[in-house]
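Step one of this worksheet: look at the structure below.
The values are calculated or read from the model by the stated rules, or taken from the named source; none is laboratory data. On a predicted model such as this, the values are computed, not experimentally measured, just so you know. So basically every Cβ, Gly included, is an ideal-geometry build from the backbone, and we count neighbours across all protein chains shown. Note: accessible area is taken over every heavy atom of the protein model, side chains too, but ligands, DNA and RNA are not part of it. Shrake-Rupley method; radii C 1.70, N 1.55, O 1.52, S 1.80 Å.
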Protein chains: 2
Amino acid sequence: MHILTIGAAGMLGRKVTQRLVDDEGLGGQKIDAMTLVDVVAPDAPAGFAGKTTTLAIDLSAPGTAAQLIATRPDVIFHFAAIVSGEAEADFEKGYRINLDGTRDLFEAIRLAHVADGYFPRVVFASSIAVVGAPLPFPIPDDFHTTPLTSYGTQKAISELLLADYTRHGFFDGIGIRLPTLCIRPGTPNKAASGFFSNILREPLVGKPAVLPVPDTIRHWHTSPRSAVGFMIHAATMDLAALGPRRNLSMPGLSATVAEQIEALRRVAGDDAVALIRREPDPAIIRMCEGWAPGFEATRARALGFTAEDSFDAIIRAHIEDELGGAP
Amino acid sequence: MHILTIGAAGMLGRKVTQRLVDDEGLGGQKIDAMTLVDVVAPDAPAGFAGKTTTLAIDLSAPGTAAQLIATRPDVIFHFAAIVSGEAEADFEKGYRINLDGTRDLFEAIRLAHVADGYFPRVVFASSIAVVGAPLPFPIPDDFHTTPLTSYGTQKAISELLLADYTRHGFFDGIGIRLPTLCIRPGTPNKAASGFFSNILREPLVGKPAVLPVPDTIRHWHTSPRSAVGFMIHAATMDLAALGPRRNLSMPGLSATVAEQIEALRRVAGDDAVALIRREPDPAIIRMCEGWAPGFEATRARALGFTAEDSFDAIIRAHIEDELGGAP
């Protein structure tokens, strides 16, 4: 079995790759080869017995998608995207990478299908950014996609393309609408949503963190561990059960910032909570009032996708996966 | 005022053009020039005092969109598309015309906006094909777009692009999701949905017509006259009221085939109804069981869009507009 991961240098790409190595296969099949690509060449995973190819690519450059498909990977994880803030600020680059790059990939697969019947599984990382305020709570599976960012627009368009290419039989595709991933490992970043992770990750290691929004803000979260689980399940499940509706809102946990903080208190104590400094930021408050408070995710749950059911569990997953089991 | 109509040779394009000529303007403003384009050069309308330019174009050919925008039309009606059956059968052509053609147009406007602040009104003809079965009845305004045709996919993607380009301030756009137009003038065509019009239009002039589906099939209709009204209203109303959700399901009439036939009986008598011959066609039955039974269209009605509230009115509109007032 040959796996191609596009966007393999990102957090999700690295974690999915490591999970494949740890599992020594995918869906009971041995993995012979992994091709890991991103705008910078990803690291080869430690401990993989098969062949690893790492490449630095620009997916939207002419010929790149065809080159990636030339070796006919069996499963393609497509996680590559420029992030929301950059896609909003650089309109042309956002459409070039997030839309044209995805369409080029789908087209390369289609042409390979037409040439020799090639029919891979395609697992696409979509986003809750496909919906836009005003939003009900919880958001039903059949709620319309009216994104309020170019990033969300590009993800919503990619979802439509994925469903249509799948319906025509060019590949077997599934789109995974990821909740906000929390707790993101690493260092605080400039993403407007970064505080959801910062206010937990930093105090867990004795560092201060800034909370720029009121405690009452409600949002939709899942752990990186669950996100990896979504991708593995998406890559191995029987997709016939989805019918033509190939894009699924994933399960997650709807929680207010206050609920996040109380979970931190239960797991790590008052001293950890005392490291959170409140510095309201009107720009971030305005943005996050438009973010998704939570989804029903009825279909995804029925199809076997699972996520944490408490913020305590999300914090414990971070402690186990990133901190060696103890804060 | 300068009007550009893309797809001006089609039924809707011709009727909107004639309405503009009859009204001697748009929204109280005099029309100085009309540019009418299509894959074949449209006829110049009779009785127009301003300048008419007619062009045969391929919207998706390099440079075409920029050429159309070079004269900076104030209002752009974008009706051009290849139809559902052709877009399904010829995958590449469908995407080239219905998606790339639309995107090229939007891009040409954006580049003109960046160059000199150009900011036209763009009225886009979308379709109820953006939704796909299973469907509730009535379909709410916030129902998701899960099209079951490439045509519907291309319209749904164009809607997303229109909303995003509008949100960025590149133009002032509105997408109009048209119901099935009934009664279509002309001769019976090969469109799978043609029978909805055939079983009324042909008996009204004493000719036989074939009904390939059961009387119980329910669908969503409006007259060509109402569709023209939608486009004029869309071109003249204050779009600020729409906020960022720029694509609207239009009002229409939800009716079964049986209700259509009873309306024909009331308007034209038993002899007309007797001209309808039942010839069930399993392929057409299968297709139309997936078509939209009707929409709430709450937002569009609140924004002043109006349509017929009975099939009698739809038939009478056809008699007045196409048959000189008498069957």
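Is it fair to say A:L200 is within 14 Å of A:V273 (Cα to Cα), in contact (Cβ under 8 Å) with a residue 12 or more places away in the chain and open to solvent by less than 10 Å² (accessible area, probe 1.4 Å)? It is true that A:L200 is within 14 Å of A:V273 (Cα to Cα), in contact (Cβ under 8 Å) with a residue 12 or more places away in the chain and open to solvent by less than 10 Å² (accessible area, probe 1.4 Å). Identification of strands (runs of 3 or more DSSP E) wholly contained in the stretch A:211-304 with 2 or more residues that are open to solvent by 20 Å² or more (accessible area, probe 1.4 Å) yields A:253-256, A:276-278. Of the residues making up the stretch A:136-148, none is closer than 18 Å to A:F77 by Cα, of a type outside the set (V, I, T) and in contact with a helix residue (DSSP H, G or I) (Cβ under 7 Å, 6 or more places away or on another chain). Residue-level check: of (1) in contact (Cβ under 8 Å) with a residue 12 or more places away in the chain; (2) assigned to a helix (DSSP H, G or I), B:V123 misses just (2). For the stretch B:155-173, filtered to residues that are of a type in the set (A, V, I, L, M, F, W, C) and part of a helix (DSSP H, G or I), the residue that is farthest from the other protein chains (Cβ to nearest Cβ) is B:L162. Just a yes or no: is a residue in the stretch B:34-52 under 12 Å from B:I232 (Cα atoms) and of a type in the set (D, E)? Checked the stretch B:34-52: no residue is under 12 Å from B:I232 (Cα atoms) and of a type in the set (D, E). For the stretch A:267-289, the condition holds for no residue, the condition being that it is in contact (Cβ under 8 Å) with a residue 60 or more places away in the chain, away from chain B (no Cβ under 14 Å) and within 30 Å of A:Q29 (Cβ to Cβ).
Applying the selection to the stretch B:3-12, what residues are under 12 Å from B:P45 (Cα atoms) and buried (at least 23 other Cβ atoms within 10 Å of the Cβ)? Of everything in the stretch B:3-12, just one residue is under 12 Å from B:P45 (Cα atoms) and buried (at least 23 other Cβ atoms within 10 Å of the Cβ), namely B:A8. Regarding the stretch B:65-72, can at least one residue be identified that is among the charged types (D, E, K, R), crowded, with 18+ Cβ neighbours inside 10 Å and either in contact with a Phe, Trp or Tyr (Cβ under 8 Å, 6 or more places away or on another chain) or more than 11 Å from chain A (Cβ to nearest Cβ) (or both)? No: zero hits.
Rundown of residues vs (1) without any contact (Cβ under 8 Å) to a residue 12 or more places away in the chain; (2) farther than 30 Å from A:D141 by Cβ; (3) surrounded by 17 or more Cβ atoms within 10 Å (Cβ to Cβ); (4) of a type in the set (K, R), yes/no style:
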position: B:E92; (1), (2), (3), (4): yes, yes, no, no
position: B:T102; (1), (2), (3), (4): no, no, yes, no
position: B:A115; (1), (2), (3), (4): yes, yes, no, no
position: B:A129; (1), (2), (3), (4): no, no, yes, no
position: B:F137; (1), (2), (3), (4): no, no, no, no
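Of all residues in the stretch B:164-181, those satisfying the criterion of being more than 19 Å from the chain's Cα centre (by Cα) and of a type in the set (A, V, I, L, M, F, W, C) are B:F170, B:F171.
Of the residues making up the stretch B:178-210, those that are part of a loop (DSSP other than H, G, I, E, B) and of a type in the set (S, T, N, Q) are B:T187, B:N189. Being within 29 Å of A:A70 (Cα to Cα), in a loop (DSSP other than H, G, I, E, B) and more than 9 Å from chain B (Cβ to nearest Cβ): is that true of A:Y151 here? No. Within the stretch A:126-146, being assigned to a helix (DSSP H, G or I) and away from chain B (no Cβ under 11 Å) holds for A:I128, A:A129. Checking the structure you have, find out if any residue of the stretch B:267-287 is among the small types (G, A, S) and modelled with pLDDT under 95. Checked the stretch B:267-287: at least one residue is among the small types (G, A, S) and modelled with pLDDT under 95. Can you tell me which residue is farthest from the chain's Cα centre (by Cα) among those in the stretch A:110-125 that are away from chain B (no Cβ under 13 Å) and hydrophobic (A, V, I, L, M, F, W, C)? Ranking the qualifying residues of the stretch A:110-125, first place goes to A:A115.
Taking the criterion of being aliphatic (A, V, I, L, M) and either touching a Cys at 6+ places or on another chain (Cβ under 9 Å) or farther than 22 Å from B:L162 by Cβ (or both), the residues of the stretch B:48-97 that qualify are B:A49, B:L55, B:A56, B:A89. Within the stretch B:1-27, track down each residue that is over 17 Å from B:K51 (Cβ atoms) and under 14 Å from the mean Cα position of the chain (by Cα). Scanning the stretch B:1-27 gives B:I6, B:G7, B:A9, B:G10, B:M11, B:L12, B:G13, B:R14, B:K15, B:V16. Does B:V83 count as touching a residue at least 12 places away in the same chain (Cβ under 8 Å), open to solvent by 20 Å² or more (accessible area, probe 1.4 Å) and away from chain A (no Cβ under 14 Å)? Against the criterion (touching a residue at least 12 places away in the same chain (Cβ under 8 Å), open to solvent by 20 Å² or more (accessible area, probe 1.4 Å) and away from chain A (no Cβ under 14 Å)), B:V83 qualifies. Inspect all residues belonging to the stretch A:32-41 and state whether any of them is in contact with a Pro (Cβ under 9 Å, 6 or more places away or on another chain) and either small (G, A, S) or surrounded by fewer than 18 Cβ atoms within 10 Å (Cβ to Cβ) (or both). Yes, because at least one residue in the stretch A:32-41 is in contact with a Pro (Cβ under 9 Å, 6 or more places away or on another chain) and either small (G, A, S) or surrounded by fewer than 18 Cβ atoms within 10 Å (Cβ to Cβ) (or both). Taking the stretch B:305-320 as the range and being part of a helix (DSSP H, G or I) and buried (at least 20 other Cβ atoms within 10 Å of the Cβ) as the test, the residues that pass are B:F311, B:I314, B:I315, B:H318.
The number of residues in the stretch A:174-204 that are charged (D, E, K, R) and within 14 Å of chain B (Cβ to nearest Cβ) comes to 1. Filtered by the rule that a residue be in contact with a helix residue (DSSP H, G or I) (Cβ under 6 Å, 6 or more places away or on another chain) and open to solvent by less than 10 Å² (accessible area, probe 1.4 Å), the stretch A:156-178 gives A:A156, A:I157, A:S158, A:L161, A:D164, A:Y165, A:F171, A:G173, A:I174, A:G175, A:I176.
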